[in-house]
Every structure is written in structure tokens, then in C-alpha cells.
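Participant: Here's a structure for you.
Every read-out reported here was derived from the displayed coordinates using simple, explicitly stated rules and does not represent laboratory data. This one's a predicted model, so the numbers in the text were calculated from it and none came from an experiment. Reconstructed Cβ throughout: ideal geometry from the backbone, glycine too, with neighbour counts over all protein chains shown.
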Amino acid sequence: MGTDTGPATTERDRPVVAVLCAEHRPPGMDEVEAVADVRYATAETLPTTVRGADVLLVWDFLSTAVADAWPEAGSLRWAHVASAGVDRLLFPGLVTSDVVVTNSRGVFDRPMAEYVLGLVLAFAKDLPTTLALQGRREWRHRETERVDGREVLLVGTGPIGRAIADMLRAVGMRVVAVGRTAREHDPGLGRVHPSCDLPGLLPSADFVVVAAPLTDGTRGLFDAGAFGHMKPTARFVNVGRGPIVVEDDLVAALRDGQIAGAALDVFAEEPLGPDHPLWAAPNLVVSPHMSGDAVGWLDALTALFCDNFRRWRSGSPLLNVVDKELGYVARA
């Protein structure tokens with residue numbers, strides 16, 4: 001999707017680009033630095049740095065500093081986030097403003113699909129137990145499961161969800177998709193069920209995979225009621241956003257044997273605190289928000305921003321324009 005932000009010329013010869021970083025700056029910014037005044041900021045210095053800026057690159061996509069700095073961002077015209085999810089940017093001031101928001105849709109699709117396939121295979125082939133037994137030098141023969149013919153309930157029909165569907169179908173799994181709206185003949189997914197059908201679809205799923213954005217409709221979607229609808233042999237995987245899951249309810253479901261296992265790559269609060277109950281939950285795989293971070297991902301993120309920056313400077317339509325009311329890119 002693209003949108004025309006209008007001519008990118010300002011009274012200055014060089015536009016001002018503010019970049020919100022964490023520990024490291026984005027690589028490969030030479031092209032932008034050659035034609036713009038690029039200001040690098042931390043969360044603490046962003047209010048000063050964003051003052052007078054035309055463009056904001058949110059490289060530290062986990063930060064909530066943009067909302068705090070918003071009163072100083074009156075000159076901002078475009079904000080780009082180095083992630084697929086934009087929930088931390090969609091505070092009321094930005095949503096109701098004229099600032100265009102773009103995301104990094106497309107960078108993470110295939111790596112995340114591969115990661116989900118790895119988790120599915122790890123569960124089916126009982127790799128966690130194999131590694132634990134190896135650590136104890138204990139030889140214990142076991143049978144494992146096949147994934148061919150098993151049913152996956154996929155929640156989220158964006159590009160990441162579609163890549164996951166393609167990957168899981170390639171190993172013979174049956175994918176049932178759930179999206180915001182129903183579609184009978186979706187290219188690539190077939191029938192898409194509306195989210196209101198979720199309770200009726202959960203009981204037959206062998207794996208439930210969440211790749212949805214965080215919106216008002218998905219926040220807390222997987223709670224005690226949802227886990228109660230799943231069969232005791234089912235596994236749950238979340239690579240979407242942490243707050244989609246009520247984490248205490250997931251811990252209880254694992255502890256009580258309501259489901260057989262789970263894997264979380266995203267959490268309500270990140271990083272996950274060392275005393276958090278999730279660390280001790282049985283049959284749970286915890287990974288530190290890394291499912292899409294394959295070698296070369298930082299360069300790919302910068303390349304996408306540079307492409308969009310060229311478009312912005314020329315007044316051409318931008319890629320990956322987010323519908324700020326919906327919370328995601330609504331059309332390809």
C-alpha cells in the first residue's frame with residue numbers, strides 16, 4: 001500500500017530526521033545522512049531531538065518514548081517504525097494527527113514462518129525432553145508425533161500469517177485461518193473465519209498459532225475461556241504481541257494440564273523479569289522476541305526505511321502505510 005504525503009520540501013534545504021535508538025544505531029544510514037540532518041536520540045533525549053524534525057524513525061520499536069515526547073513533535077510529518085507491529089505508536093495524539101505512520105511489513109514474514117515451523121517440529125518430536133535427557137546422559141527411547149495431517153488454527157491473516165500458513169502446509173499440516181473479517185475465498189488461505197468463530201474452532205486444533213497485531217479486538221483474546229476450549233493435547237504458539245495472551249491464565253492452563261504445551265516469543269512486558277511465573281511454567285518455551293530476527297534483519301530494516309525515505313523526498317507514495325484506526329496496514 002502507498003499514500004502520497006505531498007511534496008517533501010521544507011523551508012530548509014535538508015530535512016531533519018530524528019532516530020529513536022536503544023543501544024545501537026541503525027546500520028547503513030549513509031544515504032539518509034548525505035541529504036538530511038539526522039539526529040540520534042535515546043528515550044531520554046527524544047523530546048529535544050524530535051523538536052523541529054520532519055521524520056521520525058523509531059528504531060527502538062519497544063520504546064514508549066514517542067508518546068512522552070509528542071508535545072515537542074509538532075513539525076513531524078511521517079513516522080516509520082522498525083517492526084511490523086505499531087501498537088506502541090498508536091496513542092491518541094498520534095492517531096488523531098496528520099502524521100503518516102509506516103511499518104516494516106515484509107521484512108519478518110519468512111523468518112517468523114520458519115521459526116514457527118521449528119517450534120511445531122520441536123513439540124511434535126519432543127526435542128525439549130531429548131535435550132534434557134542428553135544433559136543427564138540418560139538413554140530413554142520414546143515415540144514422537146507426526147505433523148502431517150495435523151490441524152493448525154492460525155489467528156492472524158496478514159503477511160506473516162500467510163507465510164506461516166505456506167510453511168506449515170508445506171509439511172502437510174491443515175491450516176484453518178481466523179481473521180478480523182470472514183472471507184470465503186481468500187487467495188492463499190481459502191476460507192477465513194471471523195474472530196467470533198474462535199471458540200468453536202479451538203476444540204479441534206492440534207496447534208494454535210497467533211500472528212495477529214495487537215488491537216482492541218485481540219487484546220486478551222486468549223484467556224482462561226479460550227484455553228478451556230482447547231484439547232489437552234494441543235500446543236499454543238504466540239509470535240504476535242504479548243498482550244493478546246492473558247499470561248496468568250496461560251500459566252494456569254499449562255499447570256493444570258488443560259493444554260500440552262506453549263511457546264511465547266512475545267510478552268506483555270519485555271524483557272521478561274527473572275521472577276516472572278512464565279519462566280517456571282511447565283512445557284513452555286520462552287524466547288526473547290527473536291522469531292523474526294534472522295541474520296541480516298537490521299540491514300533489511302534500514303534498506304526499507306531508506307527506500308521509503310527516497311519516496312518521501314520525491315513526494316511519491318510510501319510503502320506500508322498503516323491505517324491508524326485499525327492498527328495495521330489494511331491493504332497491500
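Participant: If we restrict to alpha carbons, what Rg and Dmax does the range 180-332 come to, in Å?
Facilitator: My reading of the Cα-based Rg and Dmax gives 18.2, 58 Å.
Participant: Let me ask something else about it. What's the extension gain from ARG140 to ASP30 if we count 0.36 nm per residue and subtract their Cα-Cα distance?
Facilitator: Stretched out fully, the ARG140 to ASP30 stretch lengthens by 34.0 nm.
Participant: In whole percent, what relative contact order does the chain give with Cα contacts below 8 Å and a gap of six or more residues? Intermediate values should be presented prior to the final figure.
Facilitator: Details: 633 pairs, mean separation 64.4, N = 332.
After rounding, I find 19 percent.
Participant: Also, quick follow-up: Label-point separation (nm) for THR181 and ASP275, each offset 7 Å from Cα along Cα-to-Cβ?
Facilitator: 4.7 nm
Participant: While we're looking at this one, here's another question. Charges on Cβ only, +1 for Lys and Arg, -1 for Asp and Glu, centred on the Cα centroid of the chain; of ALA294, ALA84, GLY327, which one is farthest towards the dipole's positive end?
Facilitator: Farthest towards the positive pole: ALA294.
Participant: Using per-residue counts of other Cβ atoms within 10 Å, averaged over each peptide, order 213-220, 191-198 from highest down.
Facilitator: Per-residue mean Cβ counts within 10 Å order the peptides as 213-220, 191-198.
Participant: Please give the contour-minus-distance gain from ALA330 to THR64: 0.36 nm per residue of separation, less the Cα-Cα distance, rounded to one decimal in nm.
Facilitator: In short, 93.4 nm is gained.
Participant: Let me ask something additional. Please tell me the relative contact order of the range 109-286 in percent, rounded to the nearest whole number, where contacts are Cα pairs under 8 Å and at least six residues apart.
Facilitator: Computed over the range 109-286, the figure is 17 percent.
Participant: Sticking with this one: Please figure out what share of the DSSP beta bridges in the chain is antiparallel and state it in percent, rounded to the nearest 5.
Facilitator: 10 percent
Participant: If you don't mind, there's one more thing I want to ask. For the chain, just the Cα set please: Rg and Dmax, both in angstrom.
Facilitator: 21.4, 73
Participant: For THR96 and ARG310 in one chain, what is 0.36 nm times their gap in residues minus the Cα-Cα distance, to one decimal in nm?
Facilitator: Computed gain between THR96 and ARG310 is 74.5 nm.
Participant: Helix 109-124 against the longest principal axis of the chain: what's the angle in degrees, Cα atoms only, rounded to the nearest 10?
Facilitator: 20 degrees
Participant: Okay, moving on. Dipole magnitude of the chain about its Cα centre, charges +1 at Lys/Arg Cβ and -1 at Asp/Glu Cβ only, in debye to the nearest 20? If you can, show how the numbers build up before the last one.
Facilitator: Details: 32 positive and 43 negative charges, 169 e Å.
Value, rounded to 20: 820 debye.
Participant: Follow-up question, since we're still on this one. Cβ neighbours within 10 Å, averaged per peptide: list 291-298, 50-57 in order, most packed at the top.
Facilitator: 50-57, 291-298
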